[in-house]
Amino acid sequence: MTAAVIVKALRKSFGATEVLRGIDLEVAAGDVTCIIGPSGSGKSTLLRCIAFLDQATDGYVFVQGEPLGFAPDASGARARLPDARVRDVRAKIGMVFQQFNLWPHRTALGNVTEALTTVRGIAPAEARERGLAQLRKVGLAAHADHFPAQLSGGQQQRVAIARALALEPQIMLFDEPTSSLDPELTGEVLNVMRALASEGMTMIVVSHEIGFAASVANRIVFLDGGKLLLNGTPKEVFGQPRHPRLEQFLETYLDRGAAILA
Amino acid sequence: MSFDIGLIWSRMPDILGGFGLTLVIWLVGCLAGIALGFLVAVLRRNVAGLNIPLAAWMEVTRGTPFLIQLFLLYFGGPFIGLSLEPITAGLLGFTLYGAAYFSEIFRAGFAAVPRGHIEAGECLGLSQGQIMRRIIVPEMAVLVLPALVNMIVLLLKETAVLSIITVPELTMMISAIGSENFVFVESLFLLALFYWAMVEIAGWLGRQAEVKLASFRPAT
Ligand SMILES: Nc1ncnc2c1ncn2[C@@H]1O[C@H](COP(=O)(O)OP(=O)(O)O)[C@@H](O)[C@H]1O
Ligand SMILES: [Mg+2]
């Protein structure tokens, strides 16, 4: 069985700075992979390259066996795929951002149904039903007619998750989904993600919530300076003896998380 | 100063004709200028090779007096085979002049839409056209409306410049009455009154539109 996501020798430079320095990663279907690492280590860039929001400088991403963005052509050279093909493969992926990125001029329901009607061509009445079902799933059916500005950060992020789920993606990417939330609001979002994981959704999560990573993820990836330094089960990565860079990271960045693991 | 109401009254058809033409040039010119300005802003944003030439054109238009642009178009046009009627030249010049300002307003509007809102649309499979129509334009409409209304109102006063190239709009008609009958001050006073009333009405309409649009998006 092909992996849900394969990242092959992925490199990304911004100008002269190489941010991703050859990443290889496989995510099996149903896996929850947590990417951790110091700020600036390239976590967001990796996720954005997987979703083809940033174009990698070299290397490939395969989603359920299909290349996203670039593929080797007949002569083996790296070639950009046509936009329509990119859209088709990207449809398998749902993305959740740190800043929610809800559209402020649309209600919660409008945010969720937008792609159902404009991209999938589903009739408004049915899109509405599906949208409400997704909002119910994240506990926000009662807030369907609220605008993002009328929702708390945690509620906005749950709407953003519902919006991504509405298109029934095979893989969900989360880029620090709780980092812009007040601490008391992170729980409601993590609970939704936990439920999603238990339904068997394939997830790649960039998060500083070490507790969540240790309890929900079955793979932990530690990124450091654009390289994938560690890749293993939570036991392997967090257990003793710990890699010195990881130890340093846990101490420097995550007093809270380190305490959970101690 | 003896204001001769009878005189004004007897020339009312001319005055109303000029008034009508001012309104038509203003409204048509603003609509065309908004359309052209929007197009320019979109092209500058999406077509890399056009950004600099279009930016230069807009800069020159905004950096030179409207009066001189009109002169160049009307009196200079024939030298490059472009002989236009006064009304045509006036409307064209007015549209180009407004477009330069409108495009700048739209450019700022585009820049104010967070990149992440666009990326969210891309991730969900919306095409570039759908993102423009469904996300960028409605989102920036709220942001740019006050500046648009302000510009539209300012442009109303600029239409008076068209009298210089003998477009028979309000200023031209009323000034003519003034000079034919030696009632300069009265006619200028009347003219000021006309523009002021129109500006107030236009400003009021604009504020109504702002209120209506703002209700789509509750304050944060
Ligand atoms: N669009 C960009 N242009 C230039 N540099 C960028 C851009 N995006 C990210 N970077 C740089 O790439 C590095 C990795 O960034 P990022 O992937 O956001 O790290 P992380 O998410 O791990 O904090 C940082 O040094 C950042 O400054
Ligand atoms: Mg990041």
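A short reminder: the numbers here are calculations on the coordinates, not readings from a lab. Values in this document were obtained by computation on a predicted structure and should not be read as measured data. With ideal geometry, Cβ positions are generated from the backbone for all residues, glycine too; neighbour counts draw on all protein chains shown.
Here are a few things to note about the model shown:
- Applied to the range B:33-49, the Karplus parametrisation 6.51 cos²θ - 1.76 cosθ + 1.60 on θ = phi - 60° returns per-residue 3J(HN,Hα) values of x, 5, 4, 5, x, 5, 4, 4, 4, 5, 5, 4, 7, 9, 10, 3, x Hz, with x for Gly and Pro.
- For A:Met172, the residues whose modelled amide H falls within less than 5 Å of its own, excluding neighbours fewer than 5 places apart on the same chain, are A:Gly94, A:Thr202, A:Met203, A:Ile204.
- Label positions at B:Ala108 and B:Val199, each projected 7 Å from the Cα along the C-beta direction, are separated by 1.9 nm.
- Cα shape, chain A, gyration tensor, a/c 1.5 rule: oblate
- Residue exposure sequence - A:Ile204, A:Ile220 - by fewest surrounding Cβ within 10 Å: A:Ile220, A:Ile204
- Shape category assigned to the range B:6-216 from the gyration tensor of Cα positions, a/c cut at 1.5: oblate
- Neighbour-count order for B:Phe194, B:Phe110, fewest beta carbons within 10 angstrom listed first: B:Phe194, B:Phe110
- Under Karplus coefficients 6.51, -1.76 and 1.60, residue-wise ³J(HN,Hα) of the range A:24-40 in Hz, glycine/proline x: 10, 7, 10, 10, 6, 4, x, 6, 10, 9, 9, 9, 10, x, x, 4, x
- ³J(HN,Hα) computed for each position of the range B:154-166 - Karplus, 6.51 cos²θ - 1.76 cosθ + 1.60, integer Hz, glycine/proline x: 4, 5, 4, 5, 5, 4, 4, 4, 4, 4, 4, 9, 6
- Nearest-0.05 FRET efficiency for A:Lys8 and B:Leu16, computed from C-beta distance (R0 56 Å): 0.15
- Modelled FRET efficiency - R0 60 Å, A:Asp145 with B:Thr88, Cβ distances, 0.05 increments: 0.75
- Neighbours of A:Glu176 by Cβ distance under 10 Å: Lys/Arg scored +1, Asp/Glu scored -1, total -1.
- Only DSSP H runs of four or more residues enter the estimate; each adds -39500 (n - 2.57), and after division by the residues of chain B the mean residue ellipticity at 222 nm equals -25000 deg cm²/dmol.
- Separation of alpha-carbon centers, the range A:124-156 and the range A:1-72, rounded to whole Å: 31 Å
- Binned Cα-Cα distance frequencies in the protein assembly as shown - 10 Å width, integer %: 4, 16, 21, 19, 14, 11, 8, 5, 2, 0, 0
- Listed residues B:Gly81, B:Gly109, B:Gly33, most fluctuating in chain B (Gaussian network, C-alpha, under 10 Å): B:Gly81
- Antiparallel %, DSSP beta bridges [both residues in the protein assembly as shown], to 5: 60 percent
- Neighbour net charge for B:Ala176 - beta-carbon separation under 15 angstrom, K R +1, D E -1: -3
- Placing unit charges on the Cβ atoms only, positive for Lys and Arg and negative for Asp and Glu, gives the range B:6-216 a dipole magnitude near 560 debye about its Cα centre.
- Degrees, to the nearest 10: B:170-181 long Cα axis against longest axis of chain B: 10 degrees
- Length gained on full extension, B:Leu23 to B:Ala192: 59.3 nm, using 0.36 nm per residue less the C-alpha separation.
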